[in-house]
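Remarks on the structure that follows.
The values are calculated or read from the model by the stated rules, or taken from the named source; none is laboratory data. These numbers were taken from a predicted model, which means no experiment stands behind them. Here the Cβ positions follow ideal geometry from the backbone for every residue, glycine too, while neighbour counts run over all protein chains shown.
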Amino acid sequence: MKLLNTNSKVDPLKIKIIWNITKICAWDCEFCCVDAYHVSKTKNEICIKSKGLTMANRIPINGSTGQQYEIAKNFLVSQKMEIGLIDKLQILNNINLNSNIDFSGGDPLLLQENLAVIEKAAQKFGKENISLTATGIGFSLIDVDAVASLVGGVDFTYDFPKSENVPFRPNGYNHSNLSKVMKLASKGVSVTAQIPLSEKNISEDIIEKIFQDLHSAGVRKILLMRIFPVGRGSDMKFNYPSIKDYLTAIEKYKSLQSKYGFPVVNIQTGLKKTIELGNTSNEIYDSSHLNINQLGILSKSPWAFDKYGEPIPEFVIGDMKHNSLSDLLGITLKKDLNIMQNLRFLSNKAASFL
Ligand code: SF4
């Protein structure tokens with residue numbers, strides 16, 4: 001699930017972080033950039049798929065109580081594939097610089113304990129600096145009023161207008177996201193539709209339908225994104241749009257914005273950089289955000305993952321469970337100035353904290 005906070009005001013004094021607080025997900029998208037753990041339930045067992053969906057761990061239910069995602073989490077914590085609430089709270093405590101956090105996943109709303117972390121983050125940094133990226137299944141599990149009081153914005157994905165034969169996603173994924181997220185919008189939460197652009201959704205008629213669906217639902221913001229060939233998408237044979245395709249798609253979205261007024265179109269940093277360089281290379285992971293993964297590892301980009309969703313080693317900064325953000329960034333700056341200079345956040349005054 002991606003993962004960009006598009007709702008905060010630009011504040012040059014803030015570190016922007018995408019925290020993939022869990023990799024547990026109810027969906028199994030083909031090109032999932034974090035290679036999320038797919039959790040499903042039958043009458044007798046819970047099945048957790050990992051390693052590119054090739055490995056299945058089956059947990060007999062045997063009358064055990066509790067919700068399927070909680071049971072899956074307990075198993076994954078025992079396997080050191082996820083961390084528990086105490087570690088998550090320690091990480092939050094270790095975020096000791098003025099920060100803006102987008103909680104993402106997986107689906108962060110599948111686990112009740114993540115709401116406790118989000119609540120404490122909102123107390124620490126202010127609701128306006130906390131956002132959430134989740135899916136329709138997570139949105140359907142929450143107390144809408146409670147979540148609306150904790151976050152300044154919510155992002156969701158809507159990248160195909162039909163329910164059937166959806167490219168790269170399970171059928172029903174987009175419509176579930178859109179229908180459920182609007183419950184939060186009705187409580188005044190700013191919602192943004194993320195649209196990763198692929199060869200399958202950049203024709204004029206598909207763009208028109210996507211835009212109309214979002215406009216009719218009352219969505220006010222769109223984020224156009226590029227797809228990075230990372231996570232489960234690493235091995236996919238994928239025809240990426242050309243620079244000209246991206247520009248044509250952006251122009252089409254902007255013309256629809258001019259015609260209908262909203263949603264307003266924004267462009268992801270990685271896509272902007274791709275166009276600016278005129279290079280669709282797979283090696284460009286530019287982002288305005290740092291990343292914390294489901295184990296608490298801080299890295300320099302929310303896109304630099306290998307095929308199993310592990311952070312690419314040269315992007316890893318350190319372990320947020322045992323170190324403060326200021327210490328990790330201070331050490332990294334001394335060792336690794338060249339790479340860090342490529343990160344947009346260093347061009348702001350956040351570095352002056354270090
Ligand atoms: S919904 Fe997001 S996190 Fe879940 S499998 Fe799809 S891309 Fe991955």
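Observations, loosely collected:
- Residues of the range 292-312 that turn out to be out of contact with any Phe, Trp or Tyr (no Cβ under 7 Å at 6 or more places or on another chain) and outside any loop (DSSP other than H, G, I, E, B), as a count: 3
- Among the candidates Gly218, Gly172, the residue that is touching a strand residue (DSSP E or B) at 6+ places or on another chain (Cβ under 9 Å), surrounded by fewer than 17 Cβ atoms within 10 Å (Cβ to Cβ), modelled with pLDDT under 95 and not basic (Lys, Arg) is uniquely Gly218.
- Residue in the range 47-87 that is farthest from Ile15 (Cα to Cα), counting only those that are in contact with a Gly (Cβ under 8 Å, 6 or more places away or on another chain) and touching a residue at least 60 places away in the same chain (Cβ under 8 Å): Ile83
- Of Phe31, Phe125, Phe103, Phe75, all but one fail to be more than 22 Å from Val166 (Cβ to Cβ) and touching a Phe, Trp or Tyr at 6+ places or on another chain (Cβ under 6 Å); the exception is Phe103.
- Of the criteria (1) part of a strand (DSSP E or B); (2) surrounded by fewer than 23 Cβ atoms within 10 Å (Cβ to Cβ), which one Asn201 fails: (1)
- Residue within the range 77-84 that is away from the ligand (no atom under 13 Å from the Cβ) and more than 25 Å from Lys307 (Cα to Cα) present: no
- Check on Ala116, modelled with pLDDT of 95 or more and either over 26 Å from Leu224 (Cα atoms) or not β-branched (Val, Ile, Thr) (or both): yes
- Taking residues in the range 33-44 that are hydroxyl-bearing (Ser, Thr, Tyr), and partners anywhere that are within 10 Å of the ligand (Cβ to nearest atom), the pairs with Cβ atoms closer than 6 Å and at least 6 places apart or on different chains are Tyr37/Lys23; Tyr37/Ile24.
- The single condition among (1) within 18 Å of Leu109 (Cα to Cα); (2) more than 13 Å from the ligand (Cβ to nearest atom); (3) touching a helix residue (DSSP H, G or I) at 6+ places or on another chain (Cβ under 8 Å) that Ile46 does not satisfy is (1).
Here is a yes/no grid of residues against (1) under 19 Å from Ile21 (Cα atoms); (2) of a type in the set (A, V, I, L, M):
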residue: Ser99; (1), (2): yes, no
residue: Gly105; (1), (2): yes, no
residue: Asn114; (1), (2): yes, no
residue: Val117; (1), (2): yes, yes
residue: Gly153; (1), (2): yes, no
residue: Phe156; (1), (2): yes, no
residue: Asp159; (1), (2): no, no
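- The single condition from (1) within 16 Å of the ligand (Cβ to nearest atom); (2) among the polar types (S, T, N, Q); (3) more than 22 Å from Thr133 (Cα to Cα) that Gln68 fails is (3).
- Applying the criterion of being more than 18 Å from Ala121 (Cβ to Cβ) and buried (at least 21 other Cβ atoms within 10 Å of the Cβ) to the residues of the range 142-157, the residue that is farthest from the ligand (Cβ to nearest atom) is Phe156.
- Among the residues of the range 93-117, the ones that are buried (at least 23 other Cβ atoms within 10 Å of the Cβ) and of a type in the set (A, V, I, L, M) come to 4 in all.
- Scanning the range 167-179 for residues that are within 13 Å of the ligand (Cβ to nearest atom) and closer than 21 Å to His215 by Cα yields a count of 5.
- Every condition in (1) within 16 Å of the ligand (Cβ to nearest atom); (2) modelled with pLDDT of 95 or more; (3) hydrophobic (A, V, I, L, M, F, W, C) holds for Phe262 except the one numbered (1).
- Among (1) closer than 19 Å to Leu223 by Cα; (2) within 16 Å of the ligand (Cβ to nearest atom); (3) in contact with a Lys or Arg (Cβ under 6 Å, 6 or more places away or on another chain), the one test that Phe139 misses: (1)
- Unmet criterion (only one of (1) within 15 Å of the chain's Cα centre (by Cα); (2) at pLDDT below 95) for Ala36: (2)
- Candidate set from the range 15-27 (those that are in a strand (DSSP E or B) and hydrophobic (A, V, I, L, M, F, W, C)); member that is nearest to the ligand (Cβ to nearest atom): Cys25
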